[in-house]
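The values are calculated or read from the model by the stated rules, or taken from the named source; none is laboratory data. Keep in mind the model is a prediction, meaning the values are calculated, not measured. Every residue, glycine as well, gets a Cβ built from its backbone with ideal geometry; the counts of neighbours run over all protein chains shown. Ligands, DNA and RNA are stripped out before the accessible areas are found, and what is left, the full protein with its side chains, is counted by its heavy atoms. Shrake-Rupley method; radii C 1.70, N 1.55, O 1.52, S 1.80 Å.
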Amino acid sequence: MKSKVGFLVDDRYLEHKISRPSPENPERIRRLASIVREKYTEKCFTYSPRSADSSDIEAVHSPFYLQQLREHILRPDPYSYDRDTYLMEQSLHVAELAAGGCLELADRIMAGEVESGFALIRPPGHHAEPGRGMGFCVFNNVAVTAQYLRSKYHLNRILVLDFDAHHGNGTQEMFYDTDEVLFISLHQRGIFPFSGEMAEVGSGKGEGYTINIPVFPQFGDVEYTFLLGRILQSVVEQYLPQIILVSAGYDGHKDETISGTLLSTEWYGLITAMLKQYAHDACGDRLLMVLEGGYNPVSLEDSVLTTFESLLTSRQDKIGIFFSERANQLIKDHPMRNYWTLQ
């Protein structure tokens with residue numbers, strides 16, 4: 001009997017590519033996609049994506065931005081739109097498949113066919129804002145999914161956790177003034193996109209529903225586990241999310257050169273186990289993880305496979321959370337305490 005875990009993978013995600021060197025390239029996931037098919041097809045449910053409709057994308061992105069993309073994919077310079085975010089003829093279709101893949105997996109979770117899932121997609125999305133893409137991101141896959149869940153399934157308590165090394169500025173902007181999406185981001189301070197300060201807490205009805213934890217370089221497993229253990233457990237118990245969406249970025253790994261944090265391969269399995277437990281306690285196991293960053297193919301492969309194994313493990317050992325004084329100092333006077341009680 002297959003485990004009630006869904007993985008989404010498709011070779012068409014490799015078609016967004018450029019001849020020049022770029023950290024965001026098909027080789028990030030080429031071998032990983034093959035391993036997933038070979039190793040996990042018999043253990044769980046595997047899916048292929050559909051293409052997201054323009055109405056799904058325009059629910060969070062402006063029509064003007066989509067028109068810009070259609071124009072730029074025809075220009076001779078693939079970096080004519082953004083110095084990091086290349087656009088080729090195939091890019092728009094692949095980005096639609098990335099967003100649509102998340103929607104496909106979300107539908108399967110909401111139908112009860114699977115309890116949790118991992119979308120092995122590219123290009124990533126969490127930097128894409130309503131009116132522009134940036135930082136390798138074209139469409140904001142997690143935001144498209146959250147809005148889709150609000151519209152189609154009338155969910156009004158969606159928790160989005162972003163543990164990519166870089167702040168999910170696009171996701172934050174899209175839901176900054178609503179309490180129907182609670183956004184939590186742990187990211188390295190002082191690096192691209194230079195946002196995500198603690199004081200950014202949301203506005204209007206969304207005040208208190210954005211929680212940013214900018215961490216210092218050299219933070220690793222102990223600090224991250226302590227922070228997420230304190231924050232997630234408390235917030236989940238009070239917010240009672242109906243689903244947990246995760247911007248799963250792996251560029252905080254100690255073998256990555258794009259950040260200065262020191263997370264181990266094993267940590268990604270640990271946080272997945274924690275998230276599974278919180279999803280089980282609060283929202284009937286509904287957990288959807290979506291690939292964001294991770295640019296060292298070796299550490300990315302190892303870390304994602306560790307995540308997969310954790311998703312497939314039915315019984316989890318109790319997770320030890322050790323006190324970290326320097327991590328505790330980050331949240332000692334954090335403004336989220338004005339809105340949430342930390343245990």
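Of the candidates Gly190, Gly170, Gly196, the single residue that is within 12 Å of the chain's Cα centre (by Cα) and among the small types (Gly, Ala, Ser) is Gly170. Only one entry in Leu74, Leu69 is at pLDDT 95 or above and either in a helix (DSSP H, G or I) or on the phi < 0 side of the Ramachandran plot (or both), namely Leu69. Scanning the stretch 175-194 for residues being over 12 Å from Tyr209 (Cβ atoms) and open to solvent by 10 Å² or more (accessible area, probe 1.4 Å) gives a total of 7. For the stretch 302-327, a residue qualifies if it is open to solvent by less than 50 Å² (accessible area, probe 1.4 Å) and either under 22 Å from Val142 (Cβ atoms) or in contact with an Asp or Glu (Cβ under 9 Å, 6 or more places away or on another chain) (or both), and the qualifying residues are Ser303, Val304, Leu305, Thr306, Thr307, Phe308, Ser310, Leu311, Ser324, Ala327. Of all residue pairs spaced 6 or more apart or on separate chains, those with beta-carbon atoms under 6 Å, a first member in the stretch 141-158 that is modelled with pLDDT of 95 or more and part of a helix (DSSP H, G or I) and a second member that is small (Gly, Ala, Ser) and open to solvent by 10 Å² or more (accessible area, probe 1.4 Å) are Gln147/Ala59. Scanning the stretch 205-230 for residues that are part of a helix (DSSP H, G or I) and either open to solvent by 10 Å² or more (accessible area, probe 1.4 Å) or farther than 26 Å from Met110 by Cβ (or both) gives Lys205, Asp221, Val222, Glu223, Tyr224, Thr225, Phe226, Leu227, Gly229, Arg230. Scanning the stretch 28-50 for residues that are over 24 Å from Gly294 (Cα atoms) and either among the small types (Gly, Ala, Ser) or free of Cβ contacts under 8 Å to residues at least 24 places away in the same chain (or both) turns up nothing. Going by the conditions given, is Ile35 out of contact with any Cys (no Cβ under 6 Å at 6 or more places or on another chain), of a type in the set (Val, Ile, Thr) and surrounded by fewer than 18 Cβ atoms within 10 Å (Cβ to Cβ)? It is true that Ile35 is out of contact with any Cys (no Cβ under 6 Å at 6 or more places or on another chain), of a type in the set (Val, Ile, Thr) and surrounded by fewer than 18 Cβ atoms within 10 Å (Cβ to Cβ).
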